[in-house]
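Engineer: What follows is a single structure, and I will ask about it in a moment.
The values are calculated or read from the model by the stated rules, or taken from the named source; none is laboratory data. Keep in mind it's a predicted model, so treat the numbers as computed, not measured. Heads up, the Cβs are rebuilt from the backbone with ideal geometry, glycines too, and the neighbour counts pull from every protein chain shown.
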Amino acid sequence: MHRSVTAFQGTTRIAFGPLAEVARSVHHAVAAQIRQEILAFEDATGRVVDLNLSGSADDVAARYTLPPDTRARGRPKLGVTAREVTLLPRHWDWLATQPGGASATLRRLVETARRTGAAGDRRRTAQEAAYRVMQALAGDLPGYEEALRTLFADDAEGYDRNIATWPEDVRRYCRALAFPPEPNDAAEA
């Protein structure tokens, strides 16, 4: 799986896609000696990605190309990774009485929690990602504070009204992060 990233030069989107490709594009933009600030954002979280642009464009791309996954512990064919869990003695006692053992019970509990809280988790993650990008790209734009209020009020129509005058690339990116399609909506489209 690759990290999806979007880069902006000022308020213009200059690249998007896998990290290695975006890093290469940013390297070219910097080499062109354009004086506007360039920011790259991780699409999933809205966090700024700090890129090491030293060397050639190929060096930069190679630096951000993910090596093949080589997991050794756990059950690699199933994607299982062994980690440590700290619980109180009463929790271990309860887990010991459950069918399938502690690991199976913990997996069932996690899956149940993921199913019941998935929509809220997706919404909160989207809001946080949009907030981070808005803070970096749109903090001085008209309607910024009102857009934040409507973002956290989950008011898509109000949000759209408040960002309507923003530069097109910023508006589209922030909107896509703030109100992504629901997983079922994306499958039907």
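Engineer: In the stretch 158-170, how many are of a type in the set (A, V, I, L, M), free of Cβ contacts under 8 Å to residues at least 40 places away in the same chain and either in a helix (DSSP H, G or I) or surrounded by 15 or more Cβ atoms within 10 Å (Cβ to Cβ) (or both)?
Structural biologist: The number of residues fulfilling the criteria is 1.
Engineer: Can you tell me which residues in the stretch 97-152 are assigned by TED's automatic domain parsing to the domain that holds Arg175, in a loop (DSSP other than H, G, I, E, B) and either touching a residue at least 60 places away in the same chain (Cβ under 8 Å) or surrounded by 12 or more Cβ atoms within 10 Å (Cβ to Cβ) (or both)?
Structural biologist: Ala138, Leu141, Pro142, Gly143
Engineer: Something else now. Among the listed residues Leu66, Leu51, identify the single one that is in a loop (DSSP other than H, G, I, E, B) and either more than 23 Å from the chain's Cα centre (by Cα) or at pLDDT below 85 (or both).
Structural biologist: Result: Leu66 is the single residue among Leu66, Leu51 that is in a loop (DSSP other than H, G, I, E, B) and either more than 23 Å from the chain's Cα centre (by Cα) or at pLDDT below 85 (or both).
Engineer: Which condition breaks for Tyr173 when tested against (1) within 18 Å of the chain's Cα centre (by Cα); (2) at pLDDT 95 or above; (3) outside any helix (DSSP H, G or I)?
Structural biologist: (3)
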